[in-house]
1. Take the residues in segment 262-276 that are farther than 14 Å from residue 48 by Cα and more than 16 Å from ligand 1 (Cβ to nearest atom), then tell me which one is surrounded by the most Cβ atoms within 10 Å (Cβ to Cβ).
2. Determine whether residue 215 is surrounded by fewer than 19 Cβ atoms within 10 Å (Cβ to Cβ) and in contact with a strand residue (DSSP E or B) (Cβ under 7 Å, 6 or more places away or on another chain).
3. Kindly indicate whether residue 104 is at pLDDT 95 or above, within 29 Å of residue 234 (Cα to Cα) and more than 21 Å from the chain's Cα centre (by Cα).
4. For residue 242, indicate whether it is more than 15 Å from ligand 3 (Cβ to nearest atom), within 13 Å of residue 50 (Cα to Cα) and surrounded by 19 or more Cβ atoms within 10 Å (Cβ to Cβ).
Ligand code: C2E
Ligand code: MG
Ligand code: MG
Ligand code: MG
């Protein structure tokens, strides 16, 4: 419409556009302050072995406790952090905090399960990514097998050859590697076979209707079969119901993550769960 009305129109100054730009700017400067003042938090969501019901690990998920806006979810700020490049220092904070906290729990004699952190494309492609990971591991003293990195297919496929090199270097350092949101990007199966991936996380959009939609059921069972035959641990994301759980068990999915087992927990609640053993039987509160 703007074009049709010619060059000198006032479309460029639409108030809602201005508001959006201002909002972005506001969040971006908020994020800078949050980094300096320590306003980020990690929540931890357990991953459960579907056969034994025990916790096999947890995913660290970032939250931002803004003094004015309250507890902000990743969808509200991670995209802006990615576009502004702030995800690099924020991602470092996430990894350092997850390693530090896990090491402290381990030193306190609590059961240590591996913790996964999400890595965005900007971080993964950053020239000092490997160096940064190595530094955090040595600073915190966490053994690398307890750290898992979650990467999406799209990140890995952007430049598959370069990705393979980074993944191999990470594996050599002893970490676990997971593909996140599997099924939502475009994977070349030949790369999937070549990448040193330990864990395949089936995206929650496939899990959602797995008990009622025949197509989703077929897709999920094929994904489980593929992961298992590549010797990967298969994790279903977003498990919310007993029907989904029954399907996943029957199709030999290894682990599940979702509200059926537990919401993401604040560090204090997660620590309590570690202290009480690994069996997660009841859904926990946020
Ligand atoms: P993700 O890595 O796929 O994480 C799983 C998301 O699903 C989490 O949302 C989690 O709270 C949510 N979830 C878990 N169980 C269920 C369920 O049963 N049903 C439904 N509907 N949702 C469930 P969250 O914490 O809002 O994070 C959203 C996304 O933000 C993450 O998706 C990840 O891509 C990104 N993210 C989170 N933390 C970080 C971080 O530290 N760094 C980066 N780069 N990205 C992050
Ligand atoms: Mg994830
Ligand atoms: Mg995911
Ligand atoms: Mg996701």
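1. 271
2. No.
3. Working: at pLDDT 95 or above: yes; within 29 Å of residue 234 (Cα to Cα): yes; more than 21 Å from the chain's Cα centre (by Cα): yes.
Spelling it out, residue 104 is indeed at pLDDT 95 or above, within 29 Å of residue 234 (Cα to Cα) and more than 21 Å from the chain's Cα centre (by Cα).
4. So residue 242 does not fit the description; no.
Conditions (1) out of contact with any strand residue (DSSP E or B) (no Cβ under 8 Å at 6 or more places or on another chain); (2) more than 14 Å from ligand 1 (Cβ to nearest atom); (3) touching a residue at least 60 places away in the same chain (Cβ under 8 Å), marked per residue:
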site: 172; (1), (2), (3): yes, yes, no
site: 175; (1), (2), (3): no, yes, no
site: 179; (1), (2), (3): no, no, no
site: 184; (1), (2), (3): no, no, no
site: 193; (1), (2), (3): yes, yes, no
site: 197; (1), (2), (3): no, yes, no
site: 200; (1), (2), (3): no, no, no
site: 205; (1), (2), (3): yes, no, no
site: 209; (1), (2), (3): yes, no, no
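The values are calculated or read from the model by the stated rules, or taken from the named source; none is laboratory data. Because the structure is predicted, anything quoted here is derived from the model rather than measured. Every residue, glycine among them, receives a Cβ derived from its backbone with ideal geometry; neighbour counts consider all protein chains shown.
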